[in-house]
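Below: the structure, in C-alpha coordinates.
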Amino acid sequence: MKSFPPYRIQVVKEIPVTTRAEREEALSAAAYNMFDVPARKVTIDLLTDSGTGAVSAAQEAAAAAADRSYAGSDSYYRFRGVVDKLTSYPHIFPVHQGRAAERVLFSSVLRPGQLSLSNTHFDTTRANVELLGAEARDLPCVEARDLDSAEPFKGNIDLAELERTLSGPDGPRVGQVLITITNNGGGGQPVSMANLHAVRELCRRYGVPFFLDAARFAENAWLVTEREPGYRHQTPREVAEQAFALADGCVASLKKDGISPMGAFIGLRDPELAKRCEVNLIATEGFRTYGGMASHDLERVAQGLDEVLEPDYLRSRTEETAHLARLVNDAGVDIVQPAGIHALYLNAGRLLSHIPPSGFPGHALACQMYLEGGIRCVELGSLYLGKFDAGHNLLEPAPFELVRVAIPRRTYTLAHLEYVAEVLAGIAKNPQTVPEYRVVDAPPLLRHFNLKMAQAAA
Ligand code: F0G
(Lines give C-alpha, C1' and ligand atoms only; values in the text may rest on other atoms or scores of the structure.)
Protein backbone atom coordinates (compact mmCIF):
# COMPACT_ATOMS: atom_id res chain seq x y z
CA MET A 1 0.00 0.00 0.00
CA LYS A 2 1.22 3.48 -0.83
CA SER A 3 2.21 5.53 2.19
CA PHE A 4 1.02 9.08 2.74
CA PRO A 5 2.04 11.91 5.08
CA PRO A 6 0.44 11.42 8.52
CA TYR A 7 -0.84 15.03 8.66
CA ARG A 8 -2.95 17.47 6.66
CA ILE A 9 -2.10 21.05 5.82
CA GLN A 10 -3.78 23.61 8.06
CA VAL A 11 -1.82 26.80 7.56
CA VAL A 12 -0.20 27.71 4.26
CA LYS A 13 2.13 30.41 2.98
CA GLU A 14 2.05 31.78 -0.54
CA ILE A 15 5.12 31.25 -2.68
CA PRO A 16 6.46 33.89 -5.08
CA VAL A 17 6.03 33.35 -8.81
CA THR A 18 8.50 35.33 -10.92
CA THR A 19 9.20 35.97 -14.59
CA ARG A 20 12.37 34.88 -16.35
CA ALA A 21 13.44 38.55 -16.64
CA GLU A 22 12.99 39.06 -12.87
CA ARG A 23 15.07 35.98 -12.13
CA GLU A 24 17.85 37.05 -14.47
CA GLU A 25 17.96 40.42 -12.75
CA ALA A 26 17.83 38.93 -9.24
CA LEU A 27 20.61 36.43 -9.93
CA SER A 28 22.89 38.95 -11.58
CA ALA A 29 22.23 41.47 -8.75
CA ALA A 30 23.27 38.68 -6.33
CA ALA A 31 26.52 38.20 -8.29
CA TYR A 32 25.32 34.67 -9.05
CA ASN A 33 25.50 33.75 -5.35
CA MET A 34 22.37 31.80 -4.36
CA PHE A 35 22.74 32.92 -0.75
CA ASP A 36 22.33 36.54 -1.84
CA VAL A 37 19.10 36.02 -3.79
CA PRO A 38 16.18 37.38 -1.71
CA ALA A 39 13.71 34.62 -0.76
CA ARG A 40 10.87 36.67 -2.28
CA LYS A 41 12.47 35.95 -5.66
CA VAL A 42 12.54 32.16 -5.08
CA THR A 43 9.61 29.91 -6.03
CA ILE A 44 10.77 26.53 -4.68
CA ASP A 45 13.46 26.91 -2.03
CA LEU A 46 15.58 23.78 -1.81
CA LEU A 47 18.67 25.55 -0.48
CA THR A 48 18.44 23.74 2.83
CA ASP A 49 16.32 21.47 5.01
CA SER A 50 17.53 23.40 8.06
CA GLY A 51 14.97 25.40 10.01
CA THR A 52 12.73 25.45 6.96
CA GLY A 53 10.28 22.65 7.81
CA ALA A 54 6.62 23.16 8.68
CA VAL A 55 5.76 23.04 12.38
CA SER A 56 2.76 21.14 13.69
CA ALA A 57 -0.28 22.47 15.53
CA ALA A 58 1.00 20.61 18.61
CA GLN A 59 4.35 22.38 18.36
CA GLU A 60 2.69 25.80 18.08
CA ALA A 61 0.31 25.05 20.96
CA ALA A 62 3.27 24.07 23.15
CA ALA A 63 5.18 27.18 22.01
CA ALA A 64 2.25 29.42 22.97
CA ALA A 65 2.21 27.94 26.47
CA ALA A 66 6.02 28.14 26.91
CA ASP A 67 7.44 29.20 30.27
CA ARG A 68 9.84 32.13 29.94
CA SER A 69 11.49 31.79 33.34
CA TYR A 70 15.22 32.50 33.11
CA ALA A 71 16.31 29.50 35.18
CA GLY A 72 14.72 26.06 35.36
CA SER A 73 11.66 26.84 33.24
CA ASP A 74 8.98 24.22 32.64
CA SER A 75 9.92 24.37 28.96
CA TYR A 76 13.49 23.37 29.83
CA TYR A 77 12.30 20.39 31.87
CA ARG A 78 10.02 19.26 29.07
CA PHE A 79 12.94 19.54 26.62
CA ARG A 80 15.22 17.68 29.06
CA GLY A 81 12.68 14.90 29.48
CA VAL A 82 12.50 14.26 25.75
CA VAL A 83 16.27 14.45 25.16
CA ASP A 84 17.07 12.33 28.27
CA LYS A 85 14.77 9.58 27.04
CA LEU A 86 16.45 9.57 23.65
CA THR A 87 20.14 9.92 24.51
CA SER A 88 20.95 8.70 28.04
CA TYR A 89 23.70 11.36 28.29
CA PRO A 90 23.83 12.68 31.86
CA HIS A 91 24.84 16.18 30.76
CA ILE A 92 22.62 18.01 28.27
CA PHE A 93 22.97 21.66 27.27
CA PRO A 94 20.55 23.50 25.00
CA VAL A 95 22.35 25.74 22.49
CA HIS A 96 20.77 28.09 19.96
CA GLN A 97 21.97 26.19 16.86
CA GLY A 98 24.32 23.43 15.75
CA ARG A 99 27.38 25.52 14.96
CA ALA A 100 27.23 27.13 18.42
CA ALA A 101 27.16 23.62 19.91
CA GLU A 102 30.24 22.82 17.82
CA ARG A 103 32.05 25.93 19.01
CA VAL A 104 31.26 25.29 22.69
CA LEU A 105 32.20 21.60 22.53
CA PHE A 106 35.27 21.78 20.28
CA SER A 107 36.80 24.70 22.18
CA SER A 108 36.60 22.54 25.32
CA VAL A 109 38.05 19.44 23.61
CA LEU A 110 40.53 20.46 20.91
CA ARG A 111 43.88 22.25 21.22
CA PRO A 112 45.79 23.94 18.38
CA GLY A 113 47.64 21.38 16.25
CA GLN A 114 45.26 18.54 17.12
CA LEU A 115 43.32 16.47 14.60
CA SER A 116 39.57 15.97 14.27
CA LEU A 117 38.72 12.83 12.28
CA SER A 118 35.33 12.38 10.64
CA ASN A 119 33.44 10.53 7.95
CA THR A 120 32.91 14.08 6.62
CA HIS A 121 32.90 17.35 8.56
CA PHE A 122 29.99 19.62 7.62
CA ASP A 123 31.25 23.07 6.51
CA THR A 124 30.56 24.94 9.79
CA THR A 125 31.97 21.95 11.67
CA ARG A 126 35.19 22.14 9.68
CA ALA A 127 35.34 25.91 10.21
CA ASN A 128 34.88 25.51 13.99
CA VAL A 129 37.74 22.97 14.08
CA GLU A 130 40.01 25.17 11.96
CA LEU A 131 39.25 28.36 13.90
CA LEU A 132 40.78 26.60 16.93
CA GLY A 133 43.99 25.95 15.01
CA ALA A 134 43.19 22.23 14.73
CA GLU A 135 42.96 20.17 11.53
CA ALA A 136 39.71 18.65 10.23
CA ARG A 137 40.44 15.45 8.28
CA ASP A 138 37.72 13.53 6.41
CA LEU A 139 38.03 9.75 6.05
CA PRO A 140 34.99 8.72 3.97
CA CYS A 141 34.67 5.02 3.16
CA VAL A 142 35.91 3.77 -0.24
CA GLU A 143 32.35 2.86 -1.33
CA ALA A 144 31.54 6.60 -1.32
CA ARG A 145 33.85 7.11 -4.32
CA ASP A 146 31.43 5.37 -6.68
CA LEU A 147 28.47 7.74 -6.99
CA ASP A 148 26.39 5.21 -8.95
CA SER A 149 26.75 2.15 -6.71
CA ALA A 150 23.79 1.08 -4.59
CA GLU A 151 25.90 0.32 -1.48
CA PRO A 152 23.58 0.95 1.45
CA PHE A 153 25.95 2.79 3.85
CA LYS A 154 28.15 5.10 1.82
CA GLY A 155 28.14 7.55 4.74
CA ASN A 156 30.44 5.31 6.79
CA ILE A 157 33.91 6.30 7.91
CA ASP A 158 36.80 4.27 6.43
CA LEU A 159 37.60 2.05 9.43
CA ALA A 160 40.96 0.85 8.10
CA GLU A 161 42.07 4.45 7.51
CA LEU A 162 40.77 5.47 10.94
CA GLU A 163 42.78 2.73 12.62
CA ARG A 164 45.87 3.54 10.53
CA THR A 165 45.63 7.19 11.60
CA LEU A 166 45.02 6.37 15.28
CA SER A 167 47.91 3.89 15.40
CA GLY A 168 50.29 5.86 13.15
CA PRO A 169 52.51 8.91 13.68
CA ASP A 170 49.46 11.26 13.74
CA GLY A 171 47.76 9.13 16.42
CA PRO A 172 48.83 11.21 19.44
CA ARG A 173 47.47 14.35 17.73
CA VAL A 174 43.92 13.01 17.36
CA GLY A 175 41.68 15.02 19.71
CA GLN A 176 38.31 13.65 18.65
CA VAL A 177 36.46 11.43 16.22
CA LEU A 178 33.19 12.93 14.98
CA ILE A 179 30.71 10.90 12.97
CA THR A 180 28.07 12.84 11.04
CA ILE A 181 24.71 11.01 10.80
CA THR A 182 23.51 11.14 8.10
CA ASN A 183 26.61 12.23 6.19
CA ASN A 184 25.47 15.58 4.81
CA GLY A 185 28.78 16.48 3.15
CA GLY A 186 28.95 12.93 1.74
CA GLY A 187 25.83 12.72 -0.41
CA GLY A 188 23.38 12.54 2.51
CA GLN A 189 24.28 8.89 2.90
CA PRO A 190 23.59 6.99 6.13
CA VAL A 191 26.08 5.46 8.57
CA SER A 192 25.50 1.86 9.64
CA MET A 193 25.24 0.72 13.24
CA ALA A 194 28.07 -1.71 12.52
CA ASN A 195 30.28 1.24 11.56
CA LEU A 196 29.33 3.13 14.74
CA HIS A 197 30.11 0.04 16.86
CA ALA A 198 33.51 -0.31 15.21
CA VAL A 199 34.30 3.40 15.67
CA ARG A 200 33.45 3.08 19.35
CA GLU A 201 35.81 0.13 19.77
CA LEU A 202 38.68 1.95 18.03
CA CYS A 203 38.10 5.13 20.04
CA ARG A 204 38.08 3.14 23.30
CA ARG A 205 41.25 1.31 22.33
CA TYR A 206 43.11 4.51 21.51
CA GLY A 207 41.57 6.63 24.27
CA VAL A 208 40.02 9.22 21.95
CA PRO A 209 36.56 10.74 22.55
CA PHE A 210 33.88 9.74 20.04
CA PHE A 211 31.12 12.24 19.28
CA LEU A 212 28.15 12.18 16.94
CA ASP A 213 27.07 15.10 14.80
CA ALA A 214 23.47 13.95 15.10
CA ALA A 215 21.64 16.64 13.10
CA ARG A 216 19.75 13.95 11.12
CA PHE A 217 19.73 11.14 13.69
CA ALA A 218 16.12 10.11 12.98
CA GLU A 219 16.63 9.88 9.22
CA ASN A 220 19.81 7.85 9.79
CA ALA A 221 17.90 5.54 12.15
CA TRP A 222 15.14 5.06 9.58
CA LEU A 223 17.62 4.13 6.84
CA VAL A 224 19.23 1.64 9.26
CA THR A 225 15.85 -0.05 9.78
CA GLU A 226 15.43 -0.22 5.99
CA ARG A 227 18.93 -1.26 5.01
CA GLU A 228 20.86 -2.96 7.82
CA PRO A 229 20.23 -6.64 8.57
CA GLY A 230 19.33 -7.14 12.20
CA TYR A 231 17.53 -3.80 12.57
CA ARG A 232 14.53 -4.41 10.30
CA HIS A 233 12.16 -5.09 13.17
CA GLN A 234 13.31 -2.27 15.38
CA THR A 235 11.67 1.12 15.59
CA PRO A 236 13.59 4.23 14.51
CA ARG A 237 13.51 5.35 18.14
CA GLU A 238 15.17 2.13 19.30
CA VAL A 239 17.88 2.48 16.66
CA ALA A 240 18.45 6.16 17.46
CA GLU A 241 18.77 5.37 21.18
CA GLN A 242 21.40 2.75 20.44
CA ALA A 243 23.34 5.14 18.19
CA PHE A 244 23.47 7.83 20.88
CA ALA A 245 24.43 5.18 23.46
CA LEU A 246 27.52 4.19 21.47
CA ALA A 247 29.11 7.65 21.57
CA ASP A 248 30.69 9.68 24.37
CA GLY A 249 28.48 12.59 23.45
CA CYS A 250 27.01 14.57 20.60
CA VAL A 251 26.29 17.88 19.02
CA ALA A 252 22.89 18.00 17.35
CA SER A 253 21.37 20.84 15.39
CA LEU A 254 17.61 20.62 15.99
CA LYS A 255 16.80 22.69 12.91
CA LYS A 256 16.71 19.43 10.96
CA ASP A 257 15.30 16.45 12.87
CA GLY A 258 14.00 18.68 15.68
CA ILE A 259 11.66 20.04 12.96
CA SER A 260 12.09 23.46 14.50
CA PRO A 261 13.15 26.87 13.15
CA MET A 262 15.91 27.09 15.77
CA GLY A 263 17.69 24.95 18.33
CA ALA A 264 20.42 22.46 19.15
CA PHE A 265 21.90 20.57 22.06
CA ILE A 266 25.17 19.16 23.35
CA GLY A 267 25.06 15.78 25.10
CA LEU A 268 27.99 14.50 27.18
CA ARG A 269 29.01 11.70 29.52
CA ASP A 270 32.28 13.10 30.88
CA PRO A 271 31.50 15.35 33.90
CA GLU A 272 34.78 17.28 33.63
CA LEU A 273 34.23 18.07 29.98
CA ALA A 274 30.64 19.03 30.78
CA LYS A 275 31.89 21.53 33.38
CA ARG A 276 34.22 23.16 30.86
CA CYS A 277 31.42 23.37 28.29
CA GLU A 278 29.02 24.80 30.86
CA VAL A 279 31.31 27.75 31.66
CA ASN A 280 31.70 28.51 27.98
CA LEU A 281 27.95 28.09 27.41
CA ILE A 282 26.95 30.46 30.20
CA ALA A 283 29.51 33.07 29.10
CA THR A 284 28.66 32.98 25.40
CA GLU A 285 25.23 31.38 24.79
CA GLY A 286 23.03 31.58 27.86
CA PHE A 287 22.29 29.97 31.21
CA ARG A 288 22.41 26.16 31.24
CA THR A 289 18.63 25.79 31.22
CA TYR A 290 18.12 27.72 27.97
CA GLY A 291 21.55 28.09 26.34
CA GLY A 292 20.53 30.71 23.79
CA MET A 293 17.16 29.13 22.97
CA ALA A 294 13.88 30.98 23.51
CA SER A 295 11.40 29.05 25.67
CA HIS A 296 9.05 28.65 22.70
CA ASP A 297 11.82 26.95 20.72
CA LEU A 298 12.57 24.60 23.64
CA GLU A 299 8.90 23.59 23.41
CA ARG A 300 8.92 23.25 19.61
CA VAL A 301 11.95 20.96 19.64
CA ALA A 302 10.64 18.88 22.55
CA GLN A 303 7.50 18.18 20.53
CA GLY A 304 9.37 17.93 17.21
CA LEU A 305 11.77 15.28 18.55
CA ASP A 306 8.80 13.03 19.27
CA GLU A 307 7.07 13.68 15.93
CA VAL A 308 10.22 13.09 13.88
CA LEU A 309 10.55 9.49 15.11
CA GLU A 310 7.05 8.44 14.02
CA PRO A 311 7.49 5.62 11.49
CA ASP A 312 4.63 6.87 9.27
CA TYR A 313 6.28 10.28 9.00
CA LEU A 314 9.74 8.87 8.22
CA ARG A 315 8.33 6.40 5.72
CA SER A 316 6.38 9.01 3.78
CA ARG A 317 9.30 11.47 3.81
CA THR A 318 11.64 8.77 2.52
CA GLU A 319 9.19 7.84 -0.25
CA GLU A 320 8.79 11.50 -1.22
CA THR A 321 12.54 11.79 -1.76
CA ALA A 322 12.62 8.45 -3.60
CA HIS A 323 9.79 9.64 -5.85
CA LEU A 324 11.73 12.78 -6.79
CA ALA A 325 14.85 10.65 -7.34
CA ARG A 326 12.97 8.44 -9.85
CA LEU A 327 11.57 11.45 -11.73
CA VAL A 328 14.99 13.09 -11.88
CA ASN A 329 16.60 9.88 -13.14
CA ASP A 330 13.86 9.47 -15.74
CA ALA A 331 14.64 13.02 -16.87
CA GLY A 332 18.20 11.90 -17.60
CA VAL A 333 19.90 13.42 -14.56
CA ASP A 334 22.03 11.14 -12.39
CA ILE A 335 22.15 11.48 -8.61
CA VAL A 336 24.37 10.09 -5.88
CA GLN A 337 22.91 6.63 -5.38
CA PRO A 338 21.10 5.37 -3.43
CA ALA A 339 18.87 8.35 -2.60
CA GLY A 340 18.97 9.33 1.07
CA ILE A 341 16.22 11.36 2.74
CA HIS A 342 17.01 15.02 3.35
CA ALA A 343 18.39 15.80 -0.10
CA LEU A 344 19.28 14.57 -3.55
CA TYR A 345 22.78 15.23 -4.84
CA LEU A 346 22.70 15.78 -8.60
CA ASN A 347 25.69 14.68 -10.66
CA ALA A 348 26.22 18.00 -12.46
CA GLY A 349 29.69 17.02 -13.65
CA ARG A 350 28.15 14.26 -15.76
CA LEU A 351 25.13 16.23 -16.98
CA LEU A 352 27.17 19.29 -17.97
CA SER A 353 30.18 17.36 -19.25
CA HIS A 354 31.01 20.24 -21.64
CA ILE A 355 31.93 22.40 -18.62
CA PRO A 356 35.32 21.63 -17.04
CA PRO A 357 35.70 21.87 -13.23
CA SER A 358 37.21 25.34 -13.68
CA GLY A 359 33.87 26.47 -15.17
CA PHE A 360 31.97 25.03 -12.15
CA PRO A 361 29.34 22.68 -13.60
CA GLY A 362 27.59 22.34 -10.22
CA HIS A 363 27.21 26.06 -9.87
CA ALA A 364 26.15 26.33 -13.50
CA LEU A 365 23.39 23.77 -12.95
CA ALA A 366 22.19 25.45 -9.74
CA CYS A 367 22.05 28.82 -11.53
CA GLN A 368 20.21 27.28 -14.48
CA MET A 369 17.59 25.69 -12.20
CA TYR A 370 16.99 29.13 -10.75
CA LEU A 371 16.87 30.89 -14.10
CA GLU A 372 14.57 28.29 -15.68
CA GLY A 373 12.28 27.56 -12.74
CA GLY A 374 12.91 29.82 -9.76
CA ILE A 375 14.31 26.82 -7.88
CA ARG A 376 17.07 27.50 -5.38
CA CYS A 377 19.68 24.91 -4.45
CA VAL A 378 23.43 24.94 -3.97
CA GLU A 379 26.63 23.62 -5.51
CA LEU A 380 28.73 21.00 -3.71
CA GLY A 381 31.68 20.74 -6.04
CA SER A 382 34.90 22.55 -6.87
CA LEU A 383 33.52 25.91 -5.84
CA TYR A 384 32.86 24.53 -2.36
CA LEU A 385 35.66 22.00 -1.94
CA GLY A 386 38.28 22.88 -4.56
CA LYS A 387 41.61 24.58 -3.85
CA PHE A 388 42.23 28.04 -5.31
CA ASP A 389 45.16 30.42 -5.77
CA ALA A 390 45.07 34.06 -4.64
CA GLY A 391 43.71 35.09 -8.03
CA HIS A 392 40.67 32.76 -7.55
CA ASN A 393 41.90 30.30 -10.15
CA LEU A 394 41.01 26.69 -9.44
CA LEU A 395 44.19 24.75 -8.63
CA GLU A 396 42.70 21.45 -7.48
CA PRO A 397 39.13 20.43 -8.34
CA ALA A 398 36.80 18.58 -5.94
CA PRO A 399 36.41 14.83 -6.59
CA PHE A 400 32.82 15.39 -7.77
CA GLU A 401 30.74 18.23 -9.17
CA LEU A 402 27.39 17.98 -7.36
CA VAL A 403 24.33 20.08 -6.62
CA ARG A 404 22.44 19.50 -3.40
CA VAL A 405 18.67 19.65 -3.70
CA ALA A 406 17.51 19.73 -0.07
CA ILE A 407 13.93 18.90 0.84
CA PRO A 408 12.43 20.83 3.77
CA ARG A 409 10.30 18.71 6.10
CA ARG A 410 6.49 18.69 5.60
CA THR A 411 6.75 21.76 3.34
CA TYR A 412 6.30 20.90 -0.34
CA THR A 413 3.78 18.58 -1.96
CA LEU A 414 4.51 15.99 -4.65
CA ALA A 415 3.27 18.53 -7.23
CA HIS A 416 6.08 20.90 -6.22
CA LEU A 417 8.62 18.10 -6.53
CA GLU A 418 7.23 17.08 -9.91
CA TYR A 419 7.69 20.68 -11.05
CA VAL A 420 11.35 20.51 -9.95
CA ALA A 421 11.83 17.33 -11.99
CA GLU A 422 10.19 18.99 -15.00
CA VAL A 423 12.55 21.95 -14.83
CA LEU A 424 15.51 19.55 -14.63
CA ALA A 425 14.17 17.57 -17.57
CA GLY A 426 14.08 20.78 -19.61
CA ILE A 427 17.72 21.52 -18.79
CA ALA A 428 18.74 17.91 -19.50
CA LYS A 429 17.30 18.17 -23.03
CA ASN A 430 19.83 20.84 -24.00
CA PRO A 431 22.63 20.74 -21.44
CA GLN A 432 25.21 22.26 -23.77
CA THR A 433 23.39 25.61 -23.69
CA VAL A 434 24.21 26.02 -19.98
CA PRO A 435 27.07 28.54 -19.61
CA GLU A 436 30.24 28.30 -17.51
CA TYR A 437 30.90 30.51 -14.51
CA ARG A 438 34.02 32.15 -13.07
CA VAL A 439 34.90 33.47 -9.62
CA VAL A 440 35.14 37.25 -9.38
CA ASP A 441 35.78 37.44 -5.64
CA ALA A 442 35.85 34.99 -2.74
CA PRO A 443 36.95 35.03 0.92
CA PRO A 444 39.40 32.37 2.19
CA LEU A 445 37.08 30.87 4.85
CA LEU A 446 33.46 29.78 4.22
CA ARG A 447 33.92 30.80 0.61
CA HIS A 448 30.51 29.50 -0.40
CA PHE A 449 28.45 32.07 1.42
CA ASN A 450 30.30 35.17 0.24
CA LEU A 451 31.21 34.43 -3.35
CA LYS A 452 30.89 36.83 -6.24
CA MET A 453 30.57 35.02 -9.58
CA ALA A 454 30.00 35.92 -13.21
CA GLN A 455 28.95 34.01 -16.31
CA ALA A 456 31.98 33.28 -18.44
CA ALA A 457 31.83 34.97 -21.83
CA ALA A 458 30.39 32.57 -24.40
N1 F0G B 1 26.09 19.54 11.22
C2 F0G B 1 25.46 19.17 10.10
C3 F0G B 1 25.60 17.77 9.60
C4 F0G B 1 24.68 20.10 9.40
O5 F0G B 1 24.06 19.71 8.28
C6 F0G B 1 24.56 21.41 9.90
C7 F0G B 1 23.78 22.41 9.18
C8 F0G B 1 25.23 21.74 11.09
C9 F0G B 1 25.98 20.77 11.72
C10 F0G B 1 25.15 23.12 11.68
O11 F0G B 1 23.92 23.29 12.30
O12 F0G B 1 22.79 25.09 10.99
O13 F0G B 1 22.06 24.49 13.31
O14 F0G B 1 24.18 25.69 12.94
N15 F0G B 1 23.38 22.25 8.02
C16 F0G B 1 22.55 23.13 7.23
C17 F0G B 1 22.50 22.58 5.82
C18 F0G B 1 22.86 24.57 7.32
O19 F0G B 1 22.00 23.29 4.94
O20 F0G B 1 22.91 21.44 5.59
P21 F0G B 1 23.19 24.72 12.38
Put Lys41, Lys429 in order of accessible area, largest first, 1.4 Å probe: what do you get? Lys429, Lys41
Regression test value, accessible area per residue of region 341-452, probe 1.4 Å, units Å², expected 38 Å²
State log₁₀ I(q)/I(0) for region 260-380 at q = 0.13, 0.15, 0.23 Å⁻¹ as given by the Debye formula over alpha-carbon point scatterers of equal weight, solvent excluded. -0.80, -0.88, -1.24
I need the peptides 16-27, 355-366 ranked by packing, meaning the mean over residues of other C-beta atoms within 10 angstrom, with the highest value on top. 355-366, 16-27
Roughly how many whole Å is it from the C-alpha centroid of region 416-435 to that of region 251-325? 35 Å
Helical mean residue ellipticity (222 nm; -39500 (n - 2.57) per DSSP H run of 4+; nearest 500) of the chain: -12000 deg cm²/dmol
Got a number for carbon plus sulfur as a percent of the chain's accessible area, 1.4 Å probe? 54 percent
Consider all pairwise Cα distances in the chain and report the whole-number % of them above 41 Å. 14 percent
Taking the Kirkwood radius as the inverse of the mean 1/r across Cα pairs, report the Rg/Rh of region 1-57. 1.10
Please give the helix 295-307 orientation as an angle from the longest Cα principal axis of the chain, in degrees from 0 to 90, rounded to the nearest 10. 80 degrees
Applying a 10 Å radius around every beta-carbon, put 153-165, 398-410, 201-213 in order of their mean neighbour count, most first. 398-410, 153-165, 201-213
Global size of region 195-334 as Cα Rg and Dmax, reported in angstrom: 17.6, 55
Can you bin every Cα-Cα distance in region 1-108 into 10 Å intervals starting at zero and give me the percent of pairs per bin, rounded to whole numbers? 10, 25, 28, 25, 12, 1
Report, ordered by chain and residue number, the lysines lying within cross-link reach of Lys154, taken as a straight Cα distance under 26 Å and ignoring same-chain residues fewer than 8 apart. Lys255, Lys256, Lys387
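The values are calculated or read from the model by the stated rules, or taken from the named source; none is laboratory data. Since we're looking at a predicted model, the values are computed, not measured. Counting neighbours? That spans all protein chains shown, and the Cβs are built from the backbone with ideal geometry, glycine included. For accessibility, only protein heavy atoms count, side chains too; no ligands or nucleic acids. Shrake-Rupley method; radii C 1.70, N 1.55, O 1.52, S 1.80 Å.
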